[in-house]
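The values are calculated or read from the model by the stated rules, or taken from the named source; none is laboratory data. None of the values given here were measured: they were computed from a predicted structure. Every residue, glycine as well, gets a Cβ built from its backbone with ideal geometry; the counts of neighbours run over all protein chains shown.
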Amino acid sequence: MQVLKEEVKAAILAAACDEFMEKGYMHASMRSIAKQAHISAGNLYRYYPNKEELFYAITTPAYTRMLALNEHDSGKIGEGMAFTLEQMITQIGHVMGGLLLDYRKEMLILLDGSAGTKYQDAKDQIISVFAKHVQEHLERSERYTDCETPFTGQLAALAARPLSVSFLEGLFEIMRLYEDEQRIRACTMRYIDILFQGFGRLV
């Protein structure tokens with residue numbers, strides 16, 4: 001009986017994931033989820049008493065993993081070795097690539113379908129975390145300070161968020177476009193390589 005219950009729960013989560021990805025939290029329907037999971041609405045509510053709890057059961061693991069990006073740049077690779085900007089972004093690119101593979105649908109829900117939930121600002125949060133790291137590395141870059149302008153000393157702060165949005169939106173688009181693991185991994189790394197042909201001018 002326990003195996004059957006776990007199978008039902010898995011079917012509910014799979015159906016809900018598809019429903020939230022297609023319609024977003026606001027327009028998703030518990031009745032539709034029950035239908036896709038081939039169970040009655042009453043049975044669905046025995047597992048998840050409301051749509052909000054079901055939504056968080058699906059998205060919280062991805063959200064937690066996403067915020068863990070903050071821990072991947074303490075400024076060091078190993079002991080006593082400072083990250084370069086390229087190493088830092090490549091490292092986060094690897095982590096994001098893993099996220100895309102492990103939680104593709106859940107991440108798409110967080111990015112595009114979480115309005116009306118406590119995770120509705122998830123996209124802005126990850127951009128802000130990333131921008132903070134980019135700014136710190138730009139400020140430390142000796143080559144960056146070679147460019148004298150009226151904004152010298154402020155450019156790192158001004159440029160960090162646009163650079164971060166550009167980089168992350170590209171990764172998010174890879175996630176939207178592709179489902180195949182090999183293609184996601186290959187596109188992610190190729191994207192990072194191409195991007196650094198431009199970033200290399202700054203760092």
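Here are some notes:
- Glu79 being at pLDDT 95 or above and either surrounded by fewer than 18 Cβ atoms within 10 Å (Cβ to Cβ) or farther than 18 Å from Ile126 by Cβ (or both): no
- Among residues of region 109-122, those that are more than 13 Å from Phe55 (Cα to Cα) and not in a loop (DSSP other than H, G, I, E, B), counted: 3
- Boolean, Thr59 is in a helix (DSSP H, G or I), surrounded by 13 or more Cβ atoms within 10 Å (Cβ to Cβ), polar (S, T, N, Q) and under 22 Å from the mean Cα position of the chain (by Cα): yes
- Of all the listed residues (Gln87, Gln120), the sole one being under 16 Å from the mean Cα position of the chain (by Cα) and at pLDDT 70 or above is Gln120.
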